[in-house]
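What follows draws every value from the coordinates through simple rules; no lab data is involved. Treat the numbers as computed from the prediction; the structure is a model and nothing was measured. Glycine also receives a Cβ, built like all others from the backbone with ideal geometry; neighbour counts cover every protein chain displayed.
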Amino acid sequence: MTPLVVIFIYVMVTFGIGVAAWWRGRVTTADFYIAGRSQGYIVTALAIMATFFSSFAMLGAPGMLYKGGIGFVFFMLNVPICGVLIWIIGKPLWALGKRFGYITPSDLVADYYKSESLRVLVSLLGIVYVIPYAVIQFQGGGYLFDVITQQSDVQLGFFHLAGRQVTIGAFSTSTFIAGAVFLASITMIYTIMGGMRAVSWTNVFQGALLVIGMIAGGLITVWLLGGVEGLFGKVAAIQSETAPAGSFITLPGPAGMFSVPYIFTFTLVASFGTMASPSQWMRYYSAKGPSALRRSMLIFAIVLTTCYLFGTAFIGLGGRVLFPDVTPDTVFLEILHQYLPLVLASFFVTTIMAAAMSTANGNLHSLAALITQDIYVPFLRRGASQRELVWIARLLITAASVLSLWIAIQPDIGMIVQIGLISMAVALQMFPSLIGPLWWKGATRAGTVWGIVLGMAVLIVTFVPDKFGITAFGRSPLGIHYGFWGFMVNLAVLWLVSRISSRPEEATLARFHQE
Amino acid sequence: MQEMTREQKKRLFRKLLWLFFGAFLMSNGPGLYLVNSPRLIAGIPILYLWGLFWAVVQILIIVYAYQKLWRYELEVEITGPDGETGVGKGAGR
């Protein structure tokens with residue numbers, strides 16, 4: 001019963017914040033999508049952090065360390081790069097967003113290149129990014145309930161919860177599905193109500209919780225294994241038939257997952273992809289001013305790197321020693337479940353929920369913006385009222401939540417990090433569309449369009465070569481991450497085609513590239 | 001302390017960018033080949049210490065850039081299409 005009470009308290013607090021945000025908001029698209037560009041540095045920093053840290057970081061990253069060893073520690077060094085990007089791309093995007101009233105990433109790209117097809121293309125990339133990312137959050141919710149309800153035995157009228165089964169009257173389902181549905185429903189409801197303001201305000205609460213959860217989780221694991229030396233000594237000694245002793249603390253790791261080229265490229269894919277994703281992009285727009293972004297950069301780089309290196313790394317590697325044979329993505333949950341008093345374990349579970357919900361809400365919210373602002377208004381109902389658009393966004397958040405949930409509860413869809421990396425690789429394809437508006441006057445519309453089209457084609461082929469009858473190489477040829485192949489091709493095509501096609505009009509260049 | 005000119009700031013920015021990239025090559029690129037062994041130093045794997053060290057270097061570069069280049073950057077007032085102005089607080093010295 002205890003876990004459910006603690007989770008109930010957490011959900012009620014989150015919900016209360018969502019309702020307060022709804023109360024403060026206005027029914028306008030600018031308010032619903034970017035909170036009227038009014039957010040200070042604490043809200044901006046914690047919202048960016050909470051959107052960044054998700055089931056991916058709390059469950060997926062320990063899972064990768066558990067399976068692949070120390071190599072995944074280097075993936076975590078994408079965080080300082082992300083910090084720099086908050087300022088390097090966030091500041092100019094904020095300024096352009098403010099000056100020209102942009103709401104979505106596509107608004108900016110379409111305005112610069114005067115291209116509605118580019119608007120749709122960038123929107124589609126954003127939509128393709130959002131769905132898998134929402135899926136892994138709901139998947140995390142499922143794992144969470146699956147593990148924590150093992151000791152519960154609740155009988156409330158028609159509601160029965162024990163033995164990994166939920167029964168309501170004649171209806172019965174697994175706790176995994178019940179957990180995923182629960183997390184998705186709560187997230188969906190408060191996002192629908194309060195828009196960006198609700199997303200950001202709840203993210204402040206959730207961001208603080210998840211930082212506590214990660215650091216404390218790492219310290220508890222170290223303590224359980226007799227200190228840092230004890231932890232690493234035991235990790236170094238792990239061996240099996242296929243993995244000799246020491247393989248967990250060297251590259252490419254026991255499963256051969258982490259070669260140096262792979263580490264190098266997937267770190268870049270993750271950092272540039274995540275920070276160019278629609279949900280983060282809209283957070284830059286919603287900041288009150290550059291100083292909010294500047295301070296966010298600093299807080300992000302220092303706090304999150306600390307969380308990863310002293311939290312996640314210890315949880316994943318230590319978890320391998322404590323539980324040699326569990327589902328990798330559930331290792332943190334197993335530590336909490338087996339070694340902590342129930343009340344404390346339940347509190348930590350809420351920190352994982354916070355991570356999952358804070359990312360899911362940001363992404364669902366940005367997906368609604370992409371469809372309403374970039375497809376519904378320009379192509380279906382140009383004269384739609386503000387109120388109508390907000391309601392369309394709410395319907396879309398509902399539909400996207402249901403779709404993501406449906407995918408999340410399918411069996412064997414893959415590890416959390418693997419799905420997350422697909423999302424990041426797709427978002428990275430958006431990054432070159434920024435080069436023209438922000439830095440290079442020579443970038444052209446044709447170059448950007450063909451860069452994205454061919455970049456995506458290469459990404460797909462290098463992701464699933466067997467589906468195209470290609471046997472000369474497997475996924476990620478030469479050990480280079482498939483997302484990086486797509487990105488390199490995108491950049492090369494952008495450069496080549498831009499040299500033989502016409503630049504944006506001089507007036508546009510002058511508007512965007514003011515010194 | 002004397003305020004840096006725009007040119008000086010640009011030069012410093014480029015230097016720091018190259019330094020950051022160099023640190024990244026060491027932490028996540030070819031630099032890893034230098035330390036890829038199961039050795040433990042004070043009970044901690046050398047690879048973990050290597051990652052930790054370069055993470056600290058990268059963060060120090062960010063903090064230095066923040067202090068020298070960005071912290072006191074003047075923020076121009078921007079007027080949006082709706083007539084509202086947007087400006088960051090803490091304008092230049």
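Below are the figures for this structure:
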| quantity | calculated |
| --- | --- |
| Whole-Hz couplings from phi, Karplus 6.51/-1.76/1.60, listed for region A:454-460; x for Gly and Pro | 6, x, 5, 4, 5, 4, 5 |
| Cα gyration tensor shape for chain A, rounded if a/c is under 1.5, else prolate or oblate | oblate |
| Burial order of peptide ranges A:120-127, B:28-35 (average beta-carbon count within 10 Å, highest first) | A:120-127, B:28-35 |
| Euclidean distance of C-alpha centroids, region A:1-69 and region B:1-66, integer Å | 31 |
| Between region A:501-515 and region A:387-440, the Cα center-to-center distance that results, in Å | 30 |
| Total charge dipole magnitude, region A:440-515, about the Cα centre, Cβ charges on Lys, Arg, Asp, Glu only, Debye to nearest 20 | 60 |
| Unit charges at the beta carbon, dipole of chain A: most positive-side option, A:SER259, A:LEU96, A:SER247 | A:LEU96 |
| For region A:224-232, 3J(HN,Hα) per residue [Karplus equation, 6.51 cos²θ - 1.76 cosθ + 1.60, θ = phi - 60°, Hz, x = Gly/Pro] | 4, 9, x, x, 4, 4, x, 4, 5 |
| Extreme residue, positive dipole direction of the protein assembly as shown, given options A:LEU494, A:MET64, A:VAL228 (C-beta unit charges) | A:LEU494 |
| Partner chain coverage, peptide B:54-64 - average Cβ within 10 angstrom | 5 |
| Cross-link table A:LYS114/B:LYS68; A:LYS114/A:LYS467; A:LYS91/B:LYS15; A:LYS114/B:LYS10; A:LYS98/B:LYS15, entries beyond 27 Å C-alpha to C-alpha | A:LYS114/B:LYS68; A:LYS114/A:LYS467; A:LYS114/B:LYS10; A:LYS98/B:LYS15 |
| Peptides B:14-25, A:445-456, A:230-241 ordered by average Cβ neighbours within 10 Å, highest first | A:445-456, A:230-241, B:14-25 |
| Neighbouring partner chain Cβ atoms per residue of A:79-85, average, 10 Å criterion | 5 |
| Magnitude of the charge dipole, the protein assembly as shown, Cβ model with Lys/Arg +1 and Asp/Glu -1, debye to 20 | 1580 |
| 10 Å Cβ neighbours from other chains, averaged over peptide A:87-97 | 2 |
